[in-house]
Structures are given as structure tokens and as C-alpha cells.
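Here the structure is laid out as C-alpha cells; the discussion comes afterwards.
The values are calculated or read from the model by the stated rules, or taken from the named source; none is laboratory data. Note that this is a predicted model, so its numbers are computed, not measured. No Cβ is skipped: glycine too gets one built from the backbone with ideal geometry, and neighbour counts run over all protein chains shown. Heads up: the accessible areas ignore ligands, DNA and RNA and are worked out on the full protein's heavy atoms, side chains in. Shrake-Rupley method; radii C 1.70, N 1.55, O 1.52, S 1.80 Å.
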Amino acid sequence: MKTPVAGRAPLLALLVAACAGTTPHAPAAPATPAPPDDPWLHQIIYLVVTDRFTNGDPGNDALGQPGCLDPSMPSLFHGGDLAGLRSRVAYMKDLGVTVLWPTPLPAQVPRRNDACGYHGYWADLVDPDDGALEPKLGTWSDVEALGSTVHAAGMRLMLDMVVNHSGRGARIVGQRPDWFHSDASPEAHANPELFHSLNGLPDFAQEKPEVAAYLTAMARRWVERVKPDAVRMDTAKHVPPWYFARDFVPAVRSAVPGLFLVAEVFDDRSIARTLPVLDAGFDSAFHFPLHRALVESLAKGGSLDLVADAVADGIATLGPDRARHLVTMIDNHDVPRFASELPPGISDADRFGRSALALALLFTLPGIPQLYYGDELGLAGAGPGNRLDMPAWSWSEATRPPDAAALFALVQRLARLRATASELATGAYVELARPRDGAGNVLAFERVLGDRRVLVVVNGDPSPRTLPLALDGPALHDVMLLPGVPAGVSPAAGTVTVTMPPLGAGIFTGPRQ
Ligand SMILES: [Ca+2]
Ligand SMILES: [Ca+2]
């Protein structure tokens, strides 16, 4: 297990001083009309690889496929389970996340070489569908108990599903070989994204009515049984959008009204790639271009222009309402952890500061923030190392290394801010300044809702920066997140001058006019 770099944490890197400018009052802009609200805009998602989180029931460790349990092997099961997740709902609640997204629950295929489906994406499907749970994760009563505990905590449950592929060697592949695409076919050659196997995973032929019917009935049974609040669809860009529009979306929505549907379209080049699944009926998709921009700018020292561009492109391409619904993240189980994108040899202070800035942006930019387990502790890891076990020291404030404790506290504060400042969930995004304006690597924006605003200023430079901002309306901003800085420092209107320490950020809130 890897731990974040220990050592003395600098005082929270989010330090800022603000002072009032003296320029004349700018003309007040009309209040922005409130955009449509949606409870999902107010959520914070927590992604967990269940097998790597907590082993709540050692009695199920040896169940399931033989030879699949070895906590020392990165590609085998480690013993984490649904009972473990349930035992940590209080931890999640304390952190401030509101939606639990565990990796998929179906029973997994037998071991191949040194790998088993500890991550849940290699289902051992069979026809007729047996709806079997992975025995190492637990029983149906564990699923029900987890759902009850999550809901009793006021949280929501997101079910991770796969309809693109089965696991290699799944029983259904032997039973129904004609239900899968052939990689040698002309279709696979012409359109590999939809018709070619992904990493050799047997690729379902949704264009065959019997295959579509099988997958849709399976999906319906899972949501009827688990009764989730949301569904996350794996590998959605490899499935024909018409299948989702015609079959999947209507089926799961009629089975569980009100489901929130999120599609994984893993493409960090263009948010336009999410349009087909959004048009097919999904409520949301992941903002992979913004993930890349946060990594390139804050982890690798690039320009914050990348972040501003990704946000602006999302809004321009999808419209502001769809852009607000995108799920945003600094990492997930398929990419290196944010802390591992930082340059080798980086100082403890910079490591903490850059992680804090990324999290501050994650919680204040448009989108529904998603944390990957351990983001709140600064866990590092890439390749198989991005799915390490949650460290034993994680669960108590008393046992966390100082940097991890400080980052956890920061996430708590950001989550509380998000819960109380609706501007961050539903407000319009207004860019105020960006690096190419010449102020250094500084990005400033506000989230505006009616007559309220949240102003965010981020300094990605390793040196102090001062940024004058012309604000309409009274600039009465309370400083947020910033210990030691008195609130309400800026009673005047007009220009606000924000002075930021290296890798600093300020979050202010107040009336807009
Ligand atoms: Ca277990
Ligand atoms: Ca496919």
C-alpha cells in the first residue's frame, strides 16, 4: 500500500488575501434568471472499487471462482465487499459525498493468467440470465442492507452496468457464439469502436434482436432488484446509441422511475463525443476533457487556459444545462491518480498545493463532482497501483498523516460549501480572467444564481500573483476556506484586487447587486 508523502503539511494552500479597490461603482447587471434546478446537480459522487475498500466479511473471501483471492496480487481479489462498503457509509457521510458508486456487482469469469474480475467489469453471463452476484462481494441481503444504510444516511446509490461486453470465457460465449461480433468481420474493420472487441472482451451484437432483448431484460432485472437511484453505464461509446435510445433507457426508466443515467464516454479530446449518448436519453456523461485539462494544468504545471477552454467548450458544445450535468473528476479507476501525475521529486508543499487547487476547481466549476476513493487523502498510484487497498490509517483522523488529514478536511469544507451555496450547483458560469489576459497563470470565474455569486480565483503559478477584477454590483465577498483571513474584507464595489500566494486560490461569496 502506498501512502501519501508524510511530513509536515503546509498550512492549507488555499490562502488568499483580498482587499477592496477604489474604482467607481460599475453599472449593475440585471440579475441572471435562475436556470432549472435538479437535485442531481447538488450531488457529490464517490467511486469505490469495492474489492479494494474494506473487507467487511472475511467469510466470503474464498467464495466464487477458485484461485482469485490474493491480496498481494494487483489483478486478483483482495477481499473487500458490500458489507465493508456498508460499514463505511458513516465515513462517506463525514466526508460529505452524497452518492455511492461501487464498481459492478455481477459474478465474474474464472481466473485467466494472473487476473480475475475484482473490478467487476468481466461478468460471467449466461443464457438465460441468472442475475448472479459476485459471491466475493456478498449476498443479496448485503445489497439490500447497503441500499438501506445509504438511503438512511440521506445518500444515493449508483449502479455500475455493462452492456458492451461479457468477460472473457463467460458461459454465454460458449452458449451463443453468434451473439458476439467477430473481430475479423468487415463491420469490425470499418467501425472498430462499435463492432470490435475492446481489449479482447467478447463484444455483444446489439443489432441482433435476441441480443438486445437479452441485455435489456438483464438490465431491467438488475435495476428492479437493486433499486438504485442512478446508473453508470460502462464503455458507452462502444455501444450503438440507438440501442440505448430504443431499448435500454426506456426499459430501466420504466422499471425504476427517476433514475439518473450517466454514460462513460472515455474520450478526452472532445466533449462533443458525449452528444450521441445524451441525445439517446442519458442525463449525464463524464467530462474527460476537463479531467485532462486539470491534470495538464495543475499537476503538470501547464496553463490554466486548458481548464478555461475545457469548461467553455463544454458549455458551447452541450449548452449550459447539459454542461452543468456533466460528472467531473480529477481521476478515476481507469487513469493514474492525480497525485501520480505530479512531477517526480515535487516538494510536499507543492504536492499538497496542486492537489488542493485541483479539488477546489472540481467543486466550484460547473459539473457534478466525482471523487475516486482516496482522492480525499491524496493517495497516489498509476497502472494497477491506482486501485490499491484503502490504507488502514484512512478511517480515523487520529491516524492520518498530516497531509492526508489536511486534504480530507479540505474536501469536507468544499463539500459543505457546495451543499450551502446553490450557485455552485446550478449557477451560470461566467469567466472573468484567464492566463492569456497577462496576469500570470491565473483563472478567475464566478458562478451566478439570481442575485448571488461565488467568485473563484486560482493561481497556478509558483509565485504570488495580484489580480484586479472589475465586478458589477457591490463586491461584498466573504472569504471561504481560508483560515486566518477575516471574512467580509471587501465592502466596496467596483474593482477587487485579489492577491494570491503561490498555488493559492480564493473562494468568495456574496450578493451580486
Ligand atoms: Ca470479504
Ligand atoms: Ca461494442
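Got a sec? Which of Leu47, Leu41, Leu63, Leu85 is assigned to a loop (DSSP other than H, G, I, E, B) and not β-branched (Val, Ile, Thr)? Write out each step before concluding.
Details: Leu47 fails: assigned to a loop (DSSP other than H, G, I, E, B); Leu41 fails: assigned to a loop (DSSP other than H, G, I, E, B); Leu85 fails: assigned to a loop (DSSP other than H, G, I, E, B).
Result: Leu63 is the single residue among Leu47, Leu41, Leu63, Leu85 that is assigned to a loop (DSSP other than H, G, I, E, B) and not β-branched (Val, Ile, Thr).
Conditions first: (1) more than 20 Å from Pro369 (Cβ to Cβ); (2) without any contact (Cβ under 8 Å) to a residue 40 or more places away in the chain. Ala272 passes all but one, so which condition is the exception?
(2)
Taking Ala245, is it modelled with pLDDT of 95 or more and either under 30 Å from Tyr46 (Cβ atoms) or open to solvent by 70 Å² or more (accessible area, probe 1.4 Å) (or both)?
yes
Just give me the residues in segment 124-176 being under 17 Å from Ala212 (Cα atoms) and within 16 Å of ligand 2 (Cβ to nearest atom), in sequence order.
Across segment 124-176, the qualifying residues are Leu125, Met161, Val162, Val163, Asn164, His165, Ser166, Ile172, Val173, Arg176.
Could you check how many residues of segment 386-403 are farther than 18 Å from Ala90 by Cα and part of a helix (DSSP H, G or I)?
Summing the residues that are farther than 18 Å from Ala90 by Cα and part of a helix (DSSP H, G or I) in segment 386-403 gives 4.
Between residues in segment 99-111 that are over 16 Å from Val327 (Cα atoms) and residues that are open to solvent by 10 Å² or more (accessible area, probe 1.4 Å) and of a type in the set (S, T, N, Q), which pairs lie under 9 Å by C-beta distance while being six or more apart or on different chains?
Short answer, once both residue conditions are applied: Ala107/Gln65; Gln108/Gln65; Val109/Gln65; Pro110/Gln65; Arg111/Gln65.
Which residues, counting only those in segment 78-128, are in contact with a strand residue (DSSP E or B) (Cβ under 6 Å, 6 or more places away or on another chain) and open to solvent by 30 Å² or more (accessible area, probe 1.4 Å)?
Across segment 78-128, the qualifying residue is only Trp122.
Can you tell me which residue is farthest from ligand 1 (Cβ to nearest atom) among those in segment 144-163 that are more than 19 Å from Leu47 (Cβ to Cβ) and in contact with a helix residue (DSSP H, G or I) (Cβ under 7 Å, 6 or more places away or on another chain)?
Going through the qualifying residues, I end up with Val163.
Of the conditions (1) open to solvent by 10 Å² or more (accessible area, probe 1.4 Å); (2) in a helix (DSSP H, G or I), Glu376 fails just one. Which one is it?
Failing condition for Glu376: (1).
Would you check which residues across segment 201-227 are open to solvent by less than 20 Å² (accessible area, probe 1.4 Å) and charged (D, E, K, R) and list them?
Asp203
From the list Ala230, Ala188, Ala255, Ala184, exactly one residue is within 16 Å of ligand 2 (Cβ to nearest atom) and either crowded, with 16+ Cβ neighbours inside 10 Å or charged (D, E, K, R) (or both). Which is it?
Result: Ala188 is the single residue among Ala230, Ala188, Ala255, Ala184 that is within 16 Å of ligand 2 (Cβ to nearest atom) and either crowded, with 16+ Cβ neighbours inside 10 Å or charged (D, E, K, R) (or both).
Please enumerate the residues belonging to segment 129-166 that are of a type in the set (Lys, Arg) and crowded, with 24+ Cβ neighbours inside 10 Å. Lay out the reasoning, then the answer.
Taking segment 129-166 as the starting set, the residues that turn out to be of a type in the set (Lys, Arg) are 136, 156.
Answer for segment 129-166, where residues must be of a type in the set (Lys, Arg) and crowded, with 24+ Cβ neighbours inside 10 Å: just Lys136.
Considering each of Leu362, Leu357 in turn, give the residue that is at pLDDT 95 or above and either open to solvent by less than 20 Å² (accessible area, probe 1.4 Å) or not in a loop (DSSP other than H, G, I, E, B) (or both).
Only one candidate qualifies: Leu362.
Return the residue satisfying two criteria in turn: it lies in segment 217-265 and is touching a Pro at 6+ places or on another chain (Cβ under 9 Å) and β-branched (Val, Ile, Thr), and of such residues it is farthest from ligand 1 (Cβ to nearest atom).
Result: Val265.
Just checking, how many residues over segment 454-483 are at pLDDT below 70, closer than 17 Å to Ala360 by Cβ and part of a loop (DSSP other than H, G, I, E, B)?
4
If a residue has to be over 13 Å from Ser355 (Cα atoms) and open to solvent by less than 30 Å² (accessible area, probe 1.4 Å) to count, how many in segment 394-404 make the cut?
3
Can you find, within segment 491-513, the residue that is farthest from Asp350 (Cα to Cα) among those that are at pLDDT below 70 and open to solvent by 40 Å² or more (accessible area, probe 1.4 Å)?
Only one residue tops the list, namely Gln513.
Among the residues that make up segment 375-391, is at least one of them within 14 Å of the chain's Cα centre (by Cα) and under 20 Å from Leu306 (Cα atoms)?
Checked against the condition, which is being within 14 Å of the chain's Cα centre (by Cα) and under 20 Å from Leu306 (Cα atoms), segment 375-391 yields no hits at all.
Filtering segment 269-288 down to residues that are surrounded by 24 or more Cβ atoms within 10 Å (Cβ to Cβ) and in a helix (DSSP H, G or I), which residue is nearest to the chain's Cα centre (by Cα)?
Ranking the qualifying residues of segment 269-288, first place goes to Phe288.
Test Arg246 against the criterion of being under 18 Å from Pro106 (Cβ atoms) and either touching an Asp or Glu at 6+ places or on another chain (Cβ under 7 Å) or part of a helix (DSSP H, G or I) (or both), and give yes or no.
no
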